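One structure, as structure tokens, below. Some questions next.
The values are calculated or read from the model by the stated rules, or taken from the named source; none is laboratory data. Fair warning: this is a prediction, and the values are worked out from it, not measured in the lab. For neighbour counting, all protein chains shown are included, and Cβ atoms are generated from backbone atoms with ideal geometry for every residue, glycine included.
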Amino acid sequence: NEGAMELTIRGDLPGSSIQPEIYGAFAEHLGSGVYDGLWVGKKSPIKNVGGIRSDVIDALKALHLGVLRWPGGCFADQYHWRDGIGPQESRPKRLNVIWGGEESNEFGTHEFFKLCDLIGAKPYLAANVGSGTPMEMRDWLEYLTSDSNSALANERRQNGQASPWKVPYLGIGNESWGCGGNMRAEYYADLYRQFATFAQSLSGNHVSKIASGSSDDDYNWTETLMRQAGGHLDGLSLHHYSLPTGQWGTKGRATGFSEKEWYDTLRQALLMETLIQRHGAIMDKYDAKKRVNLVVDEWGTWYDPDPSMKLGALSQPNTMRDAVVAAINLNLFNQHCDRVRMACMAQSVNVLQSLLLVKGNQVVKTPTYYVFDLFKQHEGSTLLPVEGQVPGADPIPNVSVSASKDASGSILVTIANLNATQPVRVNFHVAGPSMKSATGQLLAGDTFRTGNDFNNPNAVVPRPLTGLSFKEGVLACDLPAASVAAIRLEK
Ligand code: AHR
């Protein structure tokens, strides 16, 4: 056990509940994220359910995503929901002004709610504030959720949906400081109040309203929103992407990256902790009871376009670096689940840090997909603090870890070895309930650059974590370099 890291899982100190919505994703009309990715149309030779790819449904359903955000992103503030209802052949074609190309509107409101239903995720809509009106948003909600005899509720029925849907989450605009209207915080706070007034909960639906929040460390945005509109917020969003260089100009390579680029990217992901703490501290000032949720509704890696990818705008390969970035973020969301109650990785299929890469008949589960799969048992569980000194060269610690306890008393520990080339040994001392057995799953590639692609779809897949020992309340595990593991302790 020489050189092992000693950590303690405080099974005797249960914390807050980890909301399933932390394990959410995002689907925007961008590149092949929706068209060809999720949607192939009813007449496609590719197997589908009402136009939605069956293989994608199966893969996403297995992940138990807590929430799915749609239709954007920047796209949301130029989207008019009426374009996407009614017979598909009569829906208008529009320009996708923000991401390029033509928007057929074949995938609209009914198709999105069908998708959520099929994969078991709660819908999280982004309403158009930048170029829409409060009335347009209000009408959408009535169309979706009213059980009345109103013209809008009847129009929904005519379009094939008899019973009203639930809309649990509504974003009021997206990146309103940028693509959503280039607004100042003071102006947006007032606009938020106006729109939120008309985002009514109808027919027993309760709609949680989420304001467009800060990018990265724009603490003034959070301060202004909390001060001017705090009492009207159910949630405030935060966007933070992990760019290897930390710069939007040249972001860094997606493949063939160096060890330095590995650490630079992880350092960007680890910034999420400071962002949650500092935005959280501002929120605490106005909302000591933590009523308002911090909603990290865009996070993930973002690289320069890679010549190997031909899947449309913002498609990028996915390697063990993405898997470790996902593990870092998800562990942080668990650790801060008293304030972070919802999060959406950007995005789901073929866009940025995807869960799935899809082309023709092929679907590739990315290393990131498997991280969500390994972590999903945290959903609805109670956070257990993990204490102890994590060594490592500042500011990259050797590991990222979180633990939780489910209703049956089983403990799930998720851990990532952040070192690109060196293995790590960890001894977990389990305080509190006495546990009997431990089993684990490991995700690792041949090197820190290994990923899954269409030629090699299974280079990174979970396998049993061998060499685990669990004696007298001490769980000892060895993790290879650049890996992610999930260990389950049973009573
Ligand atoms: O996820 C891609 C884009 O990134 C989103 O549309 C926007 O909100 C963010 O800038």
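Just to be sure before I move on: is V296 within 16 Å of the ligand (Cβ to nearest atom) and either modelled with pLDDT under 95 or buried (at least 24 other Cβ atoms within 10 Å of the Cβ) (or both) in the structure I sent?
Details: within 16 Å of the ligand (Cβ to nearest atom): yes; either modelled with pLDDT under 95 or buried (at least 24 other Cβ atoms within 10 Å of the Cβ) (or both): yes.
When the stated conditions are applied, V296 passes them.
Here's a follow-up. What is the number of the single condition among (1) under 24 Å from S404 (Cβ atoms); (2) not assigned by TED's automatic domain parsing to the domain that holds Q441 that G388 does not meet?
Every listed condition holds for G388 apart from (2).
Residue under question is L68, and the condition is that it be in contact (Cβ under 8 Å) with a residue 60 or more places away in the chain and either in the same structural domain as K310 (by TED's automatic domain parsing) or within 15 Å of A126 (Cβ to Cβ) (or both); does it hold? Break it down into steps so the answer makes sense when it comes.
Values: in contact (Cβ under 8 Å) with a residue 60 or more places away in the chain: yes; either in the same structural domain as K310 (by TED's automatic domain parsing) or within 15 Å of A126 (Cβ to Cβ) (or both): yes.
Against the criterion (in contact (Cβ under 8 Å) with a residue 60 or more places away in the chain and either in the same structural domain as K310 (by TED's automatic domain parsing) or within 15 Å of A126 (Cβ to Cβ) (or both)), L68 qualifies.
Search segment 347-380 for residues being small (G, A, S) and crowded, with 22+ Cβ neighbours inside 10 Å, and hand back the single one that is farthest from L311 (Cα to Cα).
Checking each candidate, the answer is S348.
Filter segment 326-346 down to residues that are buried (at least 24 other Cβ atoms within 10 Å of the Cβ), over 25 Å from G440 (Cβ atoms) and more than 16 Å from the ligand (Cβ to nearest atom), then give me how many there are.
Residues in segment 326-346 being buried (at least 24 other Cβ atoms within 10 Å of the Cβ), over 25 Å from G440 (Cβ atoms) and more than 16 Å from the ligand (Cβ to nearest atom): 2 in total.
How many residues, within segment 142-167, are touching a His at 6+ places or on another chain (Cβ under 7 Å) and surrounded by 13 or more Cβ atoms within 10 Å (Cβ to Cβ)?
Taking segment 142-167 first, the residues touching a His at 6+ places or on another chain (Cβ under 7 Å) are 159-161.
Filter once more, keeping what is surrounded by 13 or more Cβ atoms within 10 Å (Cβ to Cβ): 159, 161.
Residues in segment 142-167 being touching a His at 6+ places or on another chain (Cβ under 7 Å) and surrounded by 13 or more Cβ atoms within 10 Å (Cβ to Cβ): 2 in total.
Do we have G3 as over 22 Å from S348 (Cα atoms) and either away from the ligand (no atom under 16 Å from the Cβ) or not aromatic (F, W, Y) (or both) here?
On the way: over 22 Å from S348 (Cα atoms): yes; either away from the ligand (no atom under 16 Å from the Cβ) or not aromatic (F, W, Y) (or both): yes.
So G3 fits the description; yes.
I've got another one for you. Of (1) away from the ligand (no atom under 16 Å from the Cβ); (2) under 24 Å from I210 (Cβ atoms), V351 satisfies all except one. Which?
(1)
Looking only at segment 39-49, count how many residues are part of a loop (DSSP other than H, G, I, E, B) and surrounded by 13 or more Cβ atoms within 10 Å (Cβ to Cβ). Before the answer, list the steps.
Keep residues of segment 39-49 that are part of a loop (DSSP other than H, G, I, E, B), which gives 40-47.
Adding the requirement that they be surrounded by 13 or more Cβ atoms within 10 Å (Cβ to Cβ) leaves 40-41, 46.
Adding up the residues that qualify gives 3.
Let me ask something else about it. Determine whether segment 193-211 contains at least one residue that is of a type in the set (S, T, Y) and buried (at least 21 other Cβ atoms within 10 Å of the Cβ).
Just the residues of segment 193-211 that are of a type in the set (S, T, Y), to begin with: 197, 201, 203, 208.
Retained after the next criterion (residues that are buried (at least 21 other Cβ atoms within 10 Å of the Cβ)): none.
The answer is no, given that none of the residues of segment 193-211 is of a type in the set (S, T, Y) and buried (at least 21 other Cβ atoms within 10 Å of the Cβ).
Looking for something closer than 19 Å to M272 by Cα and among the charged types (D, E, K, R) - is there at least one such residue anywhere in segment 405-420? Full working, then the answer.
So the first thing to find is which residues in segment 405-420 are closer than 19 Å to M272 by Cα, and the list is 414-419.
Filter once more, so that each one left must be among the charged types (D, E, K, R): none.
Checked segment 405-420: no residue is closer than 19 Å to M272 by Cα and among the charged types (D, E, K, R).
What's the number of the condition L442 fails, among (1) under 22 Å from the mean Cα position of the chain (by Cα); (2) closer than 18 Å to Q353 by Cβ?
(2)
Sticking with this one: Can you pull out the residues in segment 468-479 that are surrounded by fewer than 19 Cβ atoms within 10 Å (Cβ to Cβ) and either of a type in the set (A, V, I, L, M) or assigned to a loop (DSSP other than H, G, I, E, B) (or both)?
Hits for segment 468-479 are L468, E472, G473, V474, A476.
Taking segment 55-105, which residues are among the basic types (K, R), away from the ligand (no atom under 16 Å from the Cβ) and under 22 Å from S131 (Cα atoms)?
Going through segment 55-105, the residues among the basic types (K, R) turn out to be 61, 69, 82, 91, 93-94.
Next cut, away from the ligand (no atom under 16 Å from the Cβ) only: 61, 82, 91, 93-94.
Within segment 55-105, R82, R91, K93, R94 meet the criteria.
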